[in-house]
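Everything below concerns the one structure shown next.
The values are calculated or read from the model by the stated rules, or taken from the named source; none is laboratory data. Source: prediction; values computed, not measured. With ideal geometry, Cβ positions are generated from the backbone for all residues, glycine too; neighbour counts draw on all protein chains shown. Protein only, heavy atoms only, side chains kept; ligands, DNA and RNA dropped before computing areas. Shrake-Rupley method; radii C 1.70, N 1.55, O 1.52, S 1.80 Å.
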Amino acid sequence: MTFSLTDTVRDALTSGGIVNGAASALGISSAAASKGLAAAGTAMLAGLANKARDPLALGEFFNMVQDPALSSSTLDDPARLLSGAAEATRARDLGSRVMSSLFGGRTDDVVGGLARHVGIGNTAAAALMGLAAPLMLRAIGGLVRGGGLTVGSLGQALLGNQSEIMNAVPATMANLIGRAQIYDVAREATPSLPHLSHPAVVEPKRPAWWAIPLALLPLALLAWWFIDSRRVEKPVDTTATRYETPAAVNTRTPPATPPPVNKPAPATTPTPTPTPAPAPVSKPMPKAEPEVKAVHVAEVNRDLRFRENGVESKLLGFLRNKNARYDDKEWFEFDRLVFDTNAQTLAPGSHEQLENLAAILKAYPNVHIKIGGYTDNTGDPNANLKLSQERADNVKKELVSRGIAGDRVETEGYGEQHPVAANTTEEGRAQNRRIALRVLPPKS
């Protein structure tokens, strides 16, 4: 079966009803809406082609495109898709997940590139991306169902359409999504292994350093024999012990029969007490990270992946407890947020936890939270305070981009205040560099 992924996605995103509805809902021209939706769709296709040889990522995407929420008629009306209806929220959540998976921490940069390409503001560009994502998923889902595609054949289709996909991506976005990556993946050579007939065994090559001690062993034995043969026999004092101190040697009772005095006896130097060799220090084994498991969360009516003692579990436990007390000391630490070094930007692996948190907050629409940012005591305190505030603000920004109202999230940077471990070790400093949240009392 021959088809163009680029044309399929572009046609699904730029039909008259979709374009006009998006233009009306966002207050932009139809030409800008059409141009933006087409560019957003091809950019996401390019990001997907980057993962064409990643079976786990491709399998997750394959399952996503078959979600029943994508078959809802809500997707045909951009105004309804941007509403708070349950089916619209589910479709937007799927779109947010796919953008996070494809672009990770570069999502904002890709949105900025789209805004420059179309000539609109970042807010409108982000909304266009939010509309385009579920529509792109629905278009690929139609191919999967109608063409009988499997995960493998979908990956082959992406690689087969790579040149066409990348030629359709605007220049302002191509570098951001890794144009070179696609071509590198496509040209990746299959490693060739030498054929070995069973039961032939290839002996591992012995490292060269083994030859050195083996060559020196005969010389060492010869030297030992030579020194031992020239050793002068001396009378052994059986009353002395190897580990006696010099004071004990001088006060020891002399032997009953003194030796004949022919000449002055040579002075005897007390044998110093040898220092015992220090016991080897065993390094502690690194702690294993708790496993991330899929847990069905009734409030959101789907599975979320998080750790048993992760921030999601703690937050859900608090919200489900009708007798929970709103204490300003009750903070829940994020356990899977990773920031770039000395920067407020989040690494791609952080987005699953943010999506989980957004889903939980949507299930509890009256809950307000506060995000706190913390650093260790390394560097300038004022710079640390500023960085901690920026990181807390960035977490809020990510939640808002996932549909959480901005007035539900407060932020504060505490810098190096309130450490939870000593800053004298790297392990302690790592614990102090953290992001935490607490649930605020209900607003009257």
Query raised in the report: Given the structure, is LEU337 within 20 Å of the chain's Cα centre (by Cα) and either within 27 Å of GLU427 (Cα to Cα) or part of a helix (DSSP H, G or I) (or both)?
Result: yes
Requested in this report: Tell me which of these ALA383 doesn't satisfy, since it passes every other one: (1) in a loop (DSSP other than H, G, I, E, B); (2) over 22 Å from the mean Cα position of the chain (by Cα); (3) at pLDDT below 95; (4) of a type outside the set (Asp, Glu).
Outcome: (1)
Query raised in the report: Could we say that LEU154 is touching a helix residue (DSSP H, G or I) at 6+ places or on another chain (Cβ under 8 Å), assigned to a helix (DSSP H, G or I), hydrophobic (A, V, I, L, M, F, W, C) and surrounded by fewer than 18 Cβ atoms within 10 Å (Cβ to Cβ) here?
Result: no
Query raised in the report: How many of the residues in segment 10-65 are among the charged types (D, E, K, R), within 17 Å of ALA157 (Cα to Cα) and in a helix (DSSP H, G or I)?
Result: 2
**Report entry** So THR378, is it part of a loop (DSSP other than H, G, I, E, B), in contact with a helix residue (DSSP H, G or I) (Cβ under 7 Å, 6 or more places away or on another chain) and farther than 16 Å from ILE404 by Cβ
**Finding:** yes
Query raised in the report: Among the residues of segment 299-316, which ones are over 18 Å from the mean Cα position of the chain (by Cα) and modelled with pLDDT of 95 or more?
Result: SER313, LYS314, LEU315, LEU316
Requested in this report: Could you please tell me which pairs satisfy a Cβ distance under 8 Å, a separation of 6+ or placement on different chains, a first residue in segment 321-345 that is closer than 17 Å to GLU355 by Cβ, and a second residue that is open to solvent by 70 Å² or more (accessible area, probe 1.4 Å) and among the polar types (S, T, N, Q)?
Outcome: ASP335/ASN309
Query raised in the report: Can you name the residue in segment 386-406 that is free of Cβ contacts under 8 Å to residues at least 12 places away in the same chain and in a helix (DSSP H, G or I) and is also least open to solvent (accessible area, probe 1.4 Å) among such residues?
Result: GLY406
Query raised in the report: If you take the residues of segment 107-138 that are touching a Pro at 6+ places or on another chain (Cβ under 8 Å) and buried (at least 24 other Cβ atoms within 10 Å of the Cβ), which of them is nearest to GLU352 (Cα to Cα)?
Result: LEU131
Report task. Please work out if GLU427 is assigned to a helix (DSSP H, G or I), modelled with pLDDT under 95, acidic (Asp, Glu) and out of contact with any helix residue (DSSP H, G or I) (no Cβ under 7 Å at 6 or more places or on another chain). Result -> yes
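Kindly evaluate GLY104 against the criterion of being at pLDDT below 85, more than 15 Å from ALA25 (Cβ to Cβ), in a helix (DSSP H, G or I) and open to solvent by less than 10 Å² (accessible area, probe 1.4 Å).
yes
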Query raised in the report: Out of PRO441, PRO381, PRO365, which single residue is in contact (Cβ under 8 Å) with a residue 40 or more places away in the chain and not polar (S, T, N, Q)?
Result: PRO441
Query - Answer from LYS35, LYS51 - the residue that is farther than 28 Å from LEU149 by Cα, open to solvent by 10 Å² or more (accessible area, probe 1.4 Å) and in contact (Cβ under 8 Å) with a residue 40 or more places away in the chain - result: LYS35
